[in-house]
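Working notes, structure below.
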Amino acid sequence: MTTDTYLLPEELDKLQTVLVEHMQVSGSMPLDTAHGFLTATAALAQRIGAEQARARVLGDIAAQEGMAPLLRRFHEQLLHDLESGEYGPLIMQMPREDGSMLPLPYGWCEGYALGLNMAGEDLQAPLLEDAQAAAHLTPIYAFLMYDEAQMFDPPDEQAHREAVGELGASAVWLHRWWLERGTGE
């Protein structure tokens, strides 16, 4: 993968802006949700093709000029990062009064869960039956159990940050788990 494939910060901003602006009317996903969704579907290409996955991210704005190529490059970068093991989930950050940033992994986790749901129950069942795989899903699904008040004020901030820190390694591990089993066929 060449560095010219990577999106520039202004291209990421453009993609995020268009996705968010059209969410309500088009069904597009914000970029953090899209990142989680594309991560979950990455090893399931024979079941959920890359074009199908990207079309789901774009919703009805797929025809909007410039978005499909940007999303394709974003997806290719994500795939490269997963395969190289240098993956990090796209996590939104909330600035706080003390100058720190609070990671908000909920969109990424929601997207990952949506991608698994799209895979179908027949592929989810073996994943959930494997204790080690289920352990790697735990930090992803744990964030989906927060109530609204906890999202911006986690009950245990240190545990929250540690679990966010596990998401990337879990995503890479789960990606390899899927690939080793030849799932998605």
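Are there any helices (runs of 4 or more DSSP H) wholly within segment 102-185 with 1 or more residues that are in contact (Cβ under 8 Å) with a residue 24 or more places away in the chain and over 17 Å from residue 37 (Cα atoms), and if so which? Full working, then the answer.
Working: elements: 106-119, 121-129, 131-143, 148-152, 157-181.
Here the list reads 121-129, 131-143, 148-152, 157-181.
Can you tell me which residue among 107, 99 is among the small types (Gly, Ala, Ser), within 11 Å of the chain's Cα centre (by Cα) and under 27 Å from residue 160 (Cα atoms)?
107
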The correct count of residues that are loosely packed, with under 15 Cβ neighbours inside 10 Å and either aromatic (Phe, Trp, Tyr) or touching an Asp or Glu at 6+ places or on another chain (Cβ under 9 Å) (or both) in segment 141-155 is 3
Find the residue count for segment 161-185, including only residues that are touching a Leu at 6+ places or on another chain (Cβ under 8 Å) and either at pLDDT 95 or above or at negative phi (or both).
8
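Could you list, in sequence order, the residues of segment 9-30 that are hydrophobic (A, V, I, L, M, F, W, C) and crowded, with 18+ Cβ neighbours inside 10 Å? Step through it out loud before you land on a result.
Start the filter on segment 9-30 by keeping residues that are hydrophobic (A, V, I, L, M, F, W, C), which leaves 12, 15, 18-20, 23, 25, 29.
Answer for segment 9-30, where residues must be hydrophobic (A, V, I, L, M, F, W, C) and crowded, with 18+ Cβ neighbours inside 10 Å: 15, 18, 19, 29.
Grab the helices (runs of 4 or more DSSP H) fully contained in segment 1-97, keeping just those with 1 or more residues being touching an Asp or Glu at 6+ places or on another chain (Cβ under 6 Å), modelled with pLDDT under 90 and not charged (D, E, K, R).
Values: elements: 9-21, 23-26, 31-41, 50-58, 67-84.
Fully inside segment 1-97 and qualifying: 23-26.
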So which residues in segment 71-91 are surrounded by fewer than 16 Cβ atoms within 10 Å (Cβ to Cβ) and either free of Cβ contacts under 8 Å to residues at least 60 places away in the same chain or among the hydrophobic types (A, V, I, L, M, F, W, C) (or both), if there are any at all?
72, 84, 86
Based on this model, can you work out whether residue 125 counts as at pLDDT below 95 and either of a type in the set (D, E, K, R) or closer than 18 Å to residue 182 by Cβ (or both)?
yes
For segment 30-58, enumerate the residues that are within 15 Å of residue 111 (Cα to Cα) and among the charged types (D, E, K, R).
32, 54, 56
Would you please list the contacts, defined by Cβ atoms under 8 Å and residues six or more apart or on different chains, that run from a residue in segment 7-31 that is more than 14 Å from residue 57 (Cβ to Cβ) to a residue that is in a loop (DSSP other than H, G, I, E, B)?
14/66
Answer with yes or no whether residue 59 is on the phi > 0 side of the Ramachandran plot, surrounded by fewer than 18 Cβ atoms within 10 Å (Cβ to Cβ) and without any contact (Cβ under 8 Å) to a residue 40 or more places away in the chain.
yes
Go over the candidates 70, 38 one by one and state the one that is under 30 Å from residue 153 (Cβ atoms) and of a type outside the set (Asp, Glu).
38
Residue check for residue 33: within 12 Å of residue 19 (Cβ to Cβ) and either buried (at least 21 other Cβ atoms within 10 Å of the Cβ) or touching a Gly at 6+ places or on another chain (Cβ under 7 Å) (or both)
yes
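What do you reckon, is residue 116 modelled with pLDDT under 95, within 13 Å of the chain's Cα centre (by Cα) and within 22 Å of residue 19 (Cβ to Cβ)? So that I can check it myself, show each step before the final result.
Numbers: modelled with pLDDT under 95: yes; within 13 Å of the chain's Cα centre (by Cα): yes; within 22 Å of residue 19 (Cβ to Cβ): yes.
In short, yes.
The values are calculated or read from the model by the stated rules, or taken from the named source; none is laboratory data. Keep in mind that this is a model prediction, so the values were computed, not measured. Using ideal geometry, Cβ is built from the backbone for each residue, glycine included, and neighbour counts are taken over all protein chains shown.
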